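Visitor: Quick one: structure below, then a few questions.
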Amino acid sequence: MNARAIDLATVRTWPAAETEDRDGWLHLASGGVTGRVNAVWPIDWRGADVEAAIDAAEAWLAARALPARFKLTDGAYAPLDLAERLARRGYEAVTPTLIMTAPIRARAAPDDVALSDAMPAAFDAVLRAVSADVAEYEERRGIALRAPQPAAFATMAREGQTLAIGMSAACGDLAGLYLMRTAPEARRQGRARKVFGALMARAHQWGARTAFLQVEADNAPAIALYESEGFTALSTYRFWRKP
Ligand SMILES: CC(C)(COP(=O)(O)OP(=O)(O)OC[C@H]1O[C@@H](n2cnc3c(N)ncnc32)[C@H](O)[C@@H]1OP(=O)(O)O)[C@@H](O)C(=O)NCCC(=O)NCCS
């Protein structure tokens, strides 16, 4: 498994509102809130003039009221001198984020986690409650609603109140894990681990054999959870932006 394959599966399973392939660079635009879906992913390079392509990428984003932003994954961007070119233009690299993978094994699904192939209202409510603001909620919700099948939305409730959610969507034998959220007051009681277990049991039924996710490098609680479930870091990506 390589980082390029995971990046391509991420674009498929966590779909931006708009995706355009321009000479191998994927241009993604959504609501302008989160980085991944509002950036240029230079995954392949089939063009002739890199500097002109950077100009065109900046213009493409600006036309959508988005700031200049490139997402460079270590070992999976092209051309190889793109980081140096962006640095020469004054770009800086921010928000290092781990791309983690783990094998998916058959397992029994926990019986206290509900799974649905469409987003249930309880999932939506938790997502809204844990989002920083309405714009972030709407952007993430829109992406989750666009996710292709097979997909699964997990909710875990206690006494009628949903306290933890998570979702997965697969592309071939790769299953992406997204929106793992536990209500702040309900954390550290094993809920995310159960949500994860339910999603992985379902992903195995789909035939997916490798799970992947992205987690910001300073998110120690989430990384601890994923490492305890067998995930290891495959690569790191950073956003290159103008200060
Ligand atoms: C990450 C998150 C989903 C974990 O949810 P949770 O329900 O508290 O997690 P669990 O109780 O199932 O914890 C499972 C394991 O994760 C690790 N873990 C979870 N929180 C941790 C913390 N604050 N510090 C260290 N390890 C932690 C531990 O290994 C834990 O097992 P243990 O309690 O037996 O030691 C939750 O902290 C959260 O919603 N964070 C904000 C949203 C977010 O960052 N999501 C992930 C985006 S990639």
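The values are calculated or read from the model by the stated rules, or taken from the named source; none is laboratory data. These figures come from a predicted structure and were not determined experimentally. No Cβ is skipped: glycine too gets one built from the backbone with ideal geometry, and neighbour counts run over all protein chains shown.
Visitor: For residue 219, only one of the following conditions fails: (1) under 30 Å from residue 68 (Cβ atoms); (2) within 12 Å of the ligand (Cβ to nearest atom); (3) touching a residue at least 40 places away in the same chain (Cβ under 8 Å). What is its number?
Guide: It is condition (3) that residue 219 fails.
Visitor: Being within 15 Å of the ligand (Cβ to nearest atom) and either within 21 Å of residue 99 (Cβ to Cβ) or within 18 Å of the chain's Cα centre (by Cα) (or both): is that true of residue 190 here?
Guide: Working: within 15 Å of the ligand (Cβ to nearest atom): yes; either within 21 Å of residue 99 (Cβ to Cβ) or within 18 Å of the chain's Cα centre (by Cα) (or both): no.
No, not satisfied.
Visitor: Separate question: What residue, among those in region 136-156 that are surrounded by fewer than 21 Cβ atoms within 10 Å (Cβ to Cβ) and touching an Asp or Glu at 6+ places or on another chain (Cβ under 8 Å), is nearest to residue 182 (Cα to Cα)?
Guide: Selected residue: 141.
Visitor: If only one of 224, 220, 233, 192 is outside the structural domain of residue 32 (by TED's automatic domain parsing) and buried (at least 22 other Cβ atoms within 10 Å of the Cβ), which one is it?
Guide: 192
Visitor: How do the pairs read when you match residues in region 173-191 that are assigned to a loop (DSSP other than H, G, I, E, B) with residues anywhere that are more than 8 Å from the ligand (Cβ to nearest atom) and of a type in the set (Gly, Ala, Ser), using Cβ under 6 Å and keeping only pairs 6 or more apart or on different chains?
Guide: 173/208
Visitor: Could you check residue 1 against (1) buried (at least 19 other Cβ atoms within 10 Å of the Cβ); (2) at pLDDT below 95 and say which number it fails?
Guide: It fails just one condition, (1).
Visitor: Go through region 198-214 and report how many residues are assigned to a helix (DSSP H, G or I) and either surrounded by fewer than 19 Cβ atoms within 10 Å (Cβ to Cβ) or charged (D, E, K, R) (or both).
Guide: 4
Visitor: Keeping to region 167-180, report how many residues are surrounded by 23 or more Cβ atoms within 10 Å (Cβ to Cβ) and either farther than 16 Å from residue 121 by Cβ or among the basic types (Lys, Arg) (or both).
Guide: Of the residues in region 167-180, 7 are surrounded by 23 or more Cβ atoms within 10 Å (Cβ to Cβ) and either farther than 16 Å from residue 121 by Cβ or among the basic types (Lys, Arg) (or both).
Visitor: While we're here: Here are some conditions: (1) in a helix (DSSP H, G or I); (2) surrounded by fewer than 17 Cβ atoms within 10 Å (Cβ to Cβ); (3) among the small types (Gly, Ala, Ser). Residue 48 meets all but one. Which one does it not meet?
Guide: The number of the failed condition is (1).
Visitor: Collect the residues in region 222-239 that are outside any helix (DSSP H, G or I), over 16 Å from residue 1 (Cβ atoms) and within 13 Å of the ligand (Cβ to nearest atom), keeping them in residue-number order.
Guide: Of everything in region 222-239, just one residue is outside any helix (DSSP H, G or I), over 16 Å from residue 1 (Cβ atoms) and within 13 Å of the ligand (Cβ to nearest atom), namely 229.
Visitor: Another question about this same structure. Those residues that are in contact (Cβ under 8 Å) with a residue 24 or more places away in the chain, surrounded by fewer than 20 Cβ atoms within 10 Å (Cβ to Cβ) and either in contact with a helix residue (DSSP H, G or I) (Cβ under 9 Å, 6 or more places away or on another chain) or within 20 Å of residue 104 (Cβ to Cβ) (or both), I need them from region 5-21; list them, please.
Guide: Residues satisfying the conditions are 5, 8, 12, 17, 20.
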